[in-house]
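Just below is one structure, and these are the notes that go with it.
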């Protein structure tokens, strides 16, 4: 086995290790939807291009240019740097906090196949004709160094095949829905609270119906198709479709696929402002659900959301307004009482002076809104008041959404799934009502476009009014929060900055006092964010 063969094998193994990260980022960035993957590369130039295999590339370039006996020694040195970079990546992977690992879907398998062909091609050429070993080794090194670009290139190559696969499963899903003539389809969208609202609604409706929601946060076209084709059953009475979007027209496409008769609009805010382009585009996109409902459909809307109230709805469907602050809503919650065990409140319906008592294990007013939406739609679907009360009582806390956990040394209020200005403010209100010492752990809010710094600065001032201690995760991205906290006159000795959430847990153990400690974990950045 000569030096070229050894080097090719080494680079091939290195590629397997390196491409796992690039595939992971492509998947987390929705396969470059709205250029998310390319934007991630631009924001993470250091991670992508400042690597030790760049040195290997330079050394192999010099070896090819010299093309003499020294070239063999240079190849060995290049291999050493590949080994060093391989060790660095594997060591980093051990300590790296991966929140959502790479999922080996059929689409990922097709990408791996294409990438493998691109990576192995120089080796095949070398085995067929060994006269150009050094040149082919240099080409393999170039392909390896630009692995993040090669993964994107493989995605482009696979696009025609992916379109064919998409069309096949889309047709299959539509035909299945068409055959289920008695199925009631409910769409849920909004800037915030979609998944929570979906899960709460599902728990309430299951008191009387067999309800099938989209699992987890599968709220894209692929997610709906997977749910319909793989999970929806002929015995299901109701299909709850969570609908997410990053640009105008995407909610309309989802509605054209599943044809909802009922729709719930949670709250409209600035989530994904960067991809939508403007607040107006966000509002119009969210109302695509409501304006897709048939004339005999029913829309559940939030009267406390000025963006919804001021919008001129182009739909003849029935509108049912819920609210807490606006007392002229069709369904309102009042007399709200919360503690660390959950919430109690009364519900009133327009034209009915009776106050109906409800209780839930959930915390926060935004969860009350989601429950109100479930009650309003449940009543429209013929569920009795007693059944609704039982349904609300049985609603399960949603993981990482104001989920209260007892760690022994602290009570964690886990609101780490994602964060936005409305949800973060509500989470602080929940923390404020807790007895004992209050701590906020956060890396800040993201994907808020040009308003991100301003909104995180405001978030910092809000934190300062509630927390006894603050732990910021990541110095660079939390600077606006840091400045907002400092400007509020917060005690600097009670403000800490750590590099990872693991360090935050260690620090919390040192803060333990005689009184109970409640730590709000607000937001948990996805793996696409690095510092």
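Available extension along the chain between residue 104 and residue 465 is 125.5 nm, counting 0.36 nm per residue and deducting the alpha carbon span.
In terms of other Cβ atoms within 10 Å, 496, 345, 113 run from fewest to most in the order 113, 496, 345. Taken as Cα centroids, segment 1-52 and segment 342-388 sit 50 Å apart, rounded to the nearest whole angstrom.
Full extension of the chain segment joining residue 325 with residue 235 gains 28.5 nm, where the gain is 0.36 nm per residue of separation less the Cα-Cα distance.
Between helix 279-290 and the chain there is an angle of about 70 degrees, using the helix long axis and the longest principal axis of the Cα atoms. Computed from Cα atoms, the angle from the helix 421-432 axis to the main principal axis of the chain rounds to 70 degrees.
Normalised by the number of residues in segment 102-191, the mean separation of alpha-carbon contacts (under 8 Å, six or more apart) gives a relative contact order of 30 percent. Calculated mean residue ellipticity at 222 nm for the chain: -16500 deg cm²/dmol, from DSSP H runs with n ≥ 4 weighted as -39500 (n - 2.57), summed, divided by the residue count and rounded to 500. In this simple spin-label approximation, residue 30 and residue 312 carry label points 7 Å from Cα along the Cα→Cβ vector, and these lie 2.9 nm apart. Compute the helix-to-body angle for 3-28: its Cα long axis versus the longest principal axis of the chain, expressed 0 to 90° and rounded to tens. The two axes meet at around 10 degrees.
Can you tell me the FRET efficiency between residue 125 and residue 39 if r is taken as the Cβ-Cβ distance and R0 is 30 Å, rounded to the nearest 0.05? For R0 = 30 Å, the calculated efficiency reads 0.30.
Across segment 444-484, the residues whose backbone nitrogen lies under 16 Å from the label position 7 Å along the beta-carbon direction of residue 46 are 474-479. What Kirkwood hydrodynamic radius do you get for segment 115-271 when you take the inverse of the mean 1/r over all pairs of distinct Cα atoms, in Å? Taking the inverse mean of 1/r over all distinct Cα pairs, segment 115-271 comes out at 18.6 Å. Rg/Rh, computed from the Cα trace of segment 3-160 with Rh as the Kirkwood radius, has the value 0.98. Pairs of alpha carbons in the chain separated by more than 29 Å make up 60% of all such pairs. Looking at segment 403-522, the DSSP beta bridges with both ends there are about 20 percent antiparallel.
Taking 0.36 nm per residue of separation and subtracting the Cα-Cα distance, full extension of the segment from residue 475 to residue 77 would add 139.6 nm. When every Cα-Cα distance of segment 306-434 is counted in 5 angstrom steps from zero, the calculated P(r) takes the values 2, 9, 19, 21, 18, 15, 10, 4, 2, 0, 0 percent. The Cα center of segment 287-331 and the Cα center of segment 134-191 differ in position by 35 Å. Using a ≥ b ≥ c from the Cα gyration tensor of segment 1-80 (square roots of the eigenvalues), is it rounded, prolate or oblate, where a/c under 1.5 gives rounded and otherwise the larger of a/b and b/c decides, a/b for prolate? Because a/c hits 1.5 or more and a/b exceeds b/c, segment 1-80 counts as prolate. Legend: calculated FRET efficiency, residue 296 to residue 91, from the Cβ-Cβ distance at R0 = 51 Å, rounded to 0.05, equals 0.25. For segment 180-393, the relative contact order works out to 21 percent when only alpha carbon pairs closer than 8 Å and six or more residues apart are counted.
Relative contact order for the chain: 11 percent, from Cα pairs under 8 Å spaced at least 6 residues apart, divided by residue count.
FYI, it's all coordinate maths here, none of it is from the lab. This is a predicted model, so every value here is computed, not measured. Here the Cβ is made from the backbone with ideal geometry for all residues, glycine too, and neighbour counts use every protein chain on show.
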